[in-house]
Every structure is written in structure tokens, then in C-alpha cells.
């Protein structure tokens, strides 16, 4: 008999690192089902799935993670190569690597999808989990308006297929400040970052304090909110400059918004940069009623080719863990208890009909306790 002194502390055995957790039944199955719904919807639009590894050499990963720093990655030393590995904090960069190397010769535009866990070194207050499920799609080879229209609408359709309603798409223009600063509203290089920071904070007083050049950007704070009203304000700002520097961006956003259904709420925050550091001319965040914070984001960006040049792309990523926690992805399950001596052929038929069978291994097994709502009585199915 094992002495109590030799039994490991049960509390320690149950501990997990901060920000990591188990998914138990039925949430684990709901997670798989929701991800499957999203990926099936994306696949119906021609996106082929790829499955990159959970870790890569640090230098390979960091050179493609434009919005992440090496010190933000969870790293380990590979005992085989003795090189530093980094756990992926995002799958988009990995898909870009695949497109630029293994699929460099594939016809463009190249449509790829993916789904799997990502791991971050640190969490935040809104999302304390460090391991998150990421599901998404990338359209590589173009960042045209047509490509943007497709990617935004596929993202919406994928969420609707997962049962999500009350969707809001919040658009942004990540390169807006650079475009204006290089043209009708000039700023010195050092001023640009200051102006970006105060616009992100919506701090009008701080902008004025920075001087006349920065104060010229004040109207952009007001050009945020419900899409159509905000777009009119943005058009007014562009018209006031007399140069039409952002006319093409405005026309592109209107083209992207036009085919989106009336049941989707559209908003605009043209100067939002947080999380869009590597996006190019447009970006978008996805929100849903009843959830704090975004559940997805996307936009245009560039991937690094093997020769050092860049290739345009658009894509989106969904982070559905909050949806799963709220019950999305759950499906009714019919569980049938099979007593000892049951008809195996009949049980096979019942499984084909959609039942999930749980076979007794002893005469003490209790079907109801094992989660079954019915049991097989000869050839009849009876409820508990």
C-alpha cells in the first residue's frame, strides 16, 4: 500500500500556468464545432487549409511578426538544434511564411485558411487567457478593393455560420496619418508618432499643446462613429485640404461597405492604430453584441518574400474563445446507453442515425450517471 507521504500534492497536480486552462466537455466539443463551422464557411469560398507548427525558430518568426517584439514571445531552447524556438503568438505570420516559401510558385491570388491555438507571453485585463484559439483566412497576392470586399464579407459570413448576431465592423485607415503628413497636413517625423498617440487617446487638448501642425488633425477625432456620418466628416476634411489626398481611401471604404448587409453595424475610427501596426491601407475590428472587446480583426498588409521584397495580402483572424465560453458552438447530443449483451449490429445502426452510444463495461455501470438520456432495451430506445 502506498504511504500518504509518497503521494504528490493533489493541489500541485491540478495547477496550470497562469493564463492557461483546460476545456472540458461540452465546451471542448463546442470549440471544435465552432471552428469547424468557420473553416467550412471559408473553405466554401475557395480557401484551402494549412497547418503550421506550434513553434518555429525565433529569428524566422520574429522577422515576420511586424507587430510583436522578440521579448514578447514565449521561448524555449530546442534540444536538437540548440537554437531558440518561439511559440507562435499569431498564425498570420506563419501563413505568410508558407505562402512566401513552400507555396511561392502557387498561382495568385492564393487563398489559405487556418485554425489552431496561439500562445502569448503575457495577457491583458480584458483577455486574461494566454492561450487562445485563432481561426482565419488570408488572401495573398493582392490587397485590392475587390480583395478587401471578399475578405470582410467572408469574415461576416463565417461568424454568422457560427450563430453570431449583432455584429459590428469598425473600419480604420492605418496609413492615414502618414498620407496626410506627407501631403496636405505636413508633420515632421518626430511629430507623427506624437500625433498618432494623441489621436489614439482622442486627446484634443494634447494635440493643441503640440502646436499648430498637430492641431490641424483635431477634426479627425470627430470623424469617428457610425460609418456614414463619419465618412461624411472625413470627406469634409479631405475637401478642406484641397488636394484630395485621401479621396481614393474614402472611395475604397465606401466600396467595401456597400455590399455588407443591413443587419451589420458599421463604424469608422480612421486613426485607430492599436493592433494595426502591420496593416497597410485599411483595417477592421469585429465586435458582437454582449461581448467586451473585439472578437476578430483584419485588413491589408504585406508578407515578406524570400528575396526580401513584399507581397500584398488581405486577411482576417477570429478569436472565438469568448463565444465558446458564452455557449456558441454547442450542439445537442443524443447519448444512448448500451447494456451488457446489447445487439451490436443494432447499436451500429443507431450510431449511423446520429446517436452516440456508451457501452456498459460491467453490470454496475449507470447510463444516466454516464450522461446518457436514453438506454437500449432490446430493440427499443427508452428514456431515463
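The values are calculated or read from the model by the stated rules, or taken from the named source; none is laboratory data. The structure displayed is predicted, hence computed values, not measured ones. Cβ atoms come from the backbone with ideal geometry, glycine included; neighbour counts cover every protein chain shown.
Observations
- The set of residues in the stretch 350-380 being part of a strand (DSSP E or B) and farther than 17 Å from residue 340 by Cβ consists of 356 alone.
- Being out of contact with any strand residue (DSSP E or B) (no Cβ under 6 Å at 6 or more places or on another chain), over 30 Å from residue 54 (Cα atoms) and at pLDDT 95 or above is a condition met by at least one residue of the stretch 147-159.
- Screening the candidates 179, 168 for the property of being within 29 Å of the chain's Cα centre (by Cα), in contact (Cβ under 8 Å) with a residue 40 or more places away in the chain, outside the structural domain of residue 39 (by TED's automatic domain parsing) and within 15 Å of residue 271 (Cα to Cα) yields one hit, 179.
- Scanning the stretch 188-220 for residues that are within 20 Å of residue 275 (Cβ to Cβ), part of a loop (DSSP other than H, G, I, E, B) and over 28 Å from the mean Cα position of the chain (by Cα) yields one hit, 203.
- Taking the conditions (1) surrounded by 20 or more Cβ atoms within 10 Å (Cβ to Cβ); (2) more than 22 Å from residue 263 (Cβ to Cβ) in turn, residue 137 satisfies each one other than (2).
- Counted as qualifying within the stretch 221-323 are the strands (runs of 3 or more DSSP E) with 1 or more residues that are at pLDDT 95 or above and outside the structural domain of residue 194 (by TED's automatic domain parsing), namely 283-288, 296-304, 310-318.
- Some residue of the stretch 244-253 being in contact with a strand residue (DSSP E or B) (Cβ under 9 Å, 6 or more places away or on another chain), within 16 Å of residue 178 (Cβ to Cβ) and surrounded by 18 or more Cβ atoms within 10 Å (Cβ to Cβ): no
- In the stretch 355-369, the residues that are surrounded by fewer than 12 Cβ atoms within 10 Å (Cβ to Cβ) and either more than 16 Å from residue 383 (Cα to Cα) or touching a strand residue (DSSP E or B) at 6+ places or on another chain (Cβ under 7 Å) (or both): 361, 362, 363, 364
- The strands (runs of 3 or more DSSP E) falling completely within the stretch 47-126 that include 3 or more residues that are modelled with pLDDT of 90 or more, in the same structural domain as residue 313 (by TED's automatic domain parsing) and surrounded by 12 or more Cβ atoms within 10 Å (Cβ to Cβ) map to 55-57, 84-87, 110-119.
- Note on the stretch 82-129: residues that are without any contact (Cβ under 8 Å) to a residue 24 or more places away in the chain and within 17 Å of residue 60 (Cα to Cα) total 3.
- Filter pass, residue 346 being touching a residue at least 12 places away in the same chain (Cβ under 8 Å) and not in a loop (DSSP other than H, G, I, E, B): yes
- Against the numbered list (1) in contact with a strand residue (DSSP E or B) (Cβ under 6 Å, 6 or more places away or on another chain); (2) surrounded by 11 or more Cβ atoms within 10 Å (Cβ to Cβ); (3) farther than 30 Å from residue 99 by Cα, residue 328 comes up short only at (1).
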